[in-house]
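What follows is a single structure, written as structure tokens, with notes after it.
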Amino acid sequence: MSSSEVENLIIIGGGPAGYTAALYASRAELNPLIFEGFQWGGQLQNTTDVENYPGFPEGIMGPEMMSRFREQAERFGTRFVSDDVDRVELGDGGIQKVFVGDDEYRAKAVVLAMGAEPRRLGVPGEMELMGRGISTCGVCDGAFFKGRKTMVVGGGDSAMEDAVFVAKFASDLSLVHRRDEFRASAIMLERAQATPNIDLMTPYAPEEFIAGEDSSLATVRLKHSESGDTEDVPVDGVFVAIGHIPRSEVVAGQVDTDDEGYVITDPVSTKTHLAGVFAVGDLVDHTYRQAVTAAGSGCRGALDAEWYLRDTEF
């Protein structure tokens, strides 16, 4: 499928950021080509009810939302390749190169929108019960557990934020961390400690997630980090908050990244340090990681790319 033609814009990544960038770029008649990947749709493809995206007062299933994003971009002429990008050759201006296997694609500008993925605990039952009692986003799913017994796993600021948010809805919440000391900032730890229905459980780590008769999460088996003793804790919902991994491996060493692998952009735009290369969505976002913020970032990336193409001679 490789072409000798030079594209105006290639977008790498098919989540909310990538599809929104494609929508804006196609409406600007840039005729974008998007490499959405085999697992197109991003993290929302593995999400059930989405209730916090504007315009859907009754909520919407994550896969359906991503299908609608995709269809809207396609309506205005976006072209799709459902393959993963294997490597890139990015330069400071000029023609950018993207490779899928032996096929080479060239473009005047590239928008990076590969997203990030939650870190996993890697214990039995975790993946099987994802979306059936286990979540990686307290802000997204906390309201589903109103009046129920919940648990947050983690020791950083994200875990504290999730715990304080989910505790607004839950009857009680256990904050589980494998060490006695927390990595969270002092102020975030104090907020969690000051919340009446949050109980700190240290030093424990989940060893197994166990389903009940309805095939949803019912029990978490915790293991004491020092004694090795185990304890089965009945629970309705667990939020795994141990960080995210930006999917920047394909551009590593070519664009600037921080210590965690997030792509670094200009503070007031989506520009990377390479002219003609832009980065959007969870690939650059340490903080918010919401579908709506990713979509907004994708809009900015498309506009930045459009202005770059307008003002640059090739």
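Every number in this text was worked out from the coordinates using simple rules, so none of it is lab data. Quantities reported herein were computed from a predicted structural model and do not represent experimental measurements. So basically every Cβ, Gly included, is an ideal-geometry build from the backbone, and we count neighbours across all protein chains shown.
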Ranked packing of 48-57, 82-91, 132-141, most packed first, by mean Cβ within 10 Å: 132-141, 82-91, 48-57
For the chain, Cys with no neighbouring Cys Cβ under 4.7 Å: C299
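Using a Förster distance of 41 angstrom, determine the FRET efficiency expected from the C-beta separation of H273 and R183, and round it to 0.05.
Once the sixth-power term is evaluated, E becomes 0.90.
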All lysines inside 20 Å of K97 as judged from Cα atoms, apart from same-chain residues fewer than 8 positions distant: K108, K271
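What GluC sites (Glu not before Pro) in the stretch 189-278 are in a loop by DSSP, with at most 16 other Cβ atoms within 10 Å of the Cβ?
Working: sites: E190, E207, E208, E213, E226, E231, E249, E260; in loops: E213, E226, E260.
Loop-located and lightly packed - E213, E226, E260.
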Taking K149 as the anchor, which lysines have their alpha carbon closer than 23 Å to its alpha carbon, excluding any fewer than eight residues away along the same chain? K168, K223
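In the chain, what % of DSSP beta bridges are antiparallel (nearest 5)?
On the way: 27 of 59 bridges.
For the chain, the DSSP antiparallel bridge percentage is about 45.
Please work out how much length the chain gains when fully extended from E29 to I245, using 0.36 nm per residue of separation minus the C-alpha to C-alpha distance, in nm with one decimal. Could the numbers behind the result be given before it?
Values: separation 216, 0.36 × 216 = 77.76 nm, distance 3.35 nm.
Between E29 and I245, full extension yields an extra 74.4 nm.
For the chain, give the magnitude of the charge dipole about the Cα centre (Cβ charges: +1 Lys/Arg, -1 Asp/Glu; no others), in debye to the nearest 20. Mind dumping the intermediate values first?
Values: 27 positive and 51 negative charges, 121 e Å.
Charge dipole, the chain, about its Cα centre: 580 debye, nearest 20.
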Could you tell me which of rounded, prolate or oblate describes the chain, using a ≥ b ≥ c as the square roots of the eigenvalues of the alpha-carbon gyration tensor, with rounded for a/c under 1.5 and, failing that, prolate when a/b is larger than b/c and oblate otherwise? prolate
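Can you give the calculated 222 nm mean residue ellipticity of the chain, where each DSSP H run of n ≥ 4 adds -39,500 (n - 2.57) and the sum is split over every residue, rounded to the nearest 500 deg cm²/dmol? Kindly include the intermediate steps, with their values, before the conclusion.
Working: 6 runs with 70 residues, N = 314.
For the chain, the value works out to -7000 deg cm²/dmol.
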Classified through the alpha carbon gyration tensor (a ≥ b ≥ c as square roots of its eigenvalues; rounded if a/c is under 1.5, else prolate when a/b is larger than b/c, else oblate), the stretch 120-240 comes out oblate
Obtain the nm distance between the two label points defined at T230 and D86 by a simple spin-label model: each point lies 7 Å from its Cα along the Cα-to-C-beta direction. 4.4
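Using only the Cα atoms of the stretch 42-85, what semi-axes does the equivalent ellipsoid have when each is the square root of 5 times a gyration tensor eigenvalue? Give whole Å, largest first. Let's see the in-between values first.
Details: eigenvalues 97, 39, 8 Å².
Square roots of five times the eigenvalues give 22, 14, 6 Å.
Does the stretch 266-314 classify as rounded, prolate or oblate by the C-alpha gyration tensor (a ≥ b ≥ c root eigenvalues; a/c under 1.5 gives rounded; else a/b over b/c gives prolate, otherwise oblate)? Walk me through the numbers before you get to the answer.
On the way: a/c = 3.22, a/b = 1.99, b/c = 1.62.
Judged from the Cα gyration tensor, the stretch 266-314 comes out prolate (a/c at least 1.5, a/b above b/c).
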Mind checking the full-extension length gain between N52 and S215? Use 0.36 nm per residue of separation minus the Cα-Cα distance, one decimal, nm. 56.1 nm
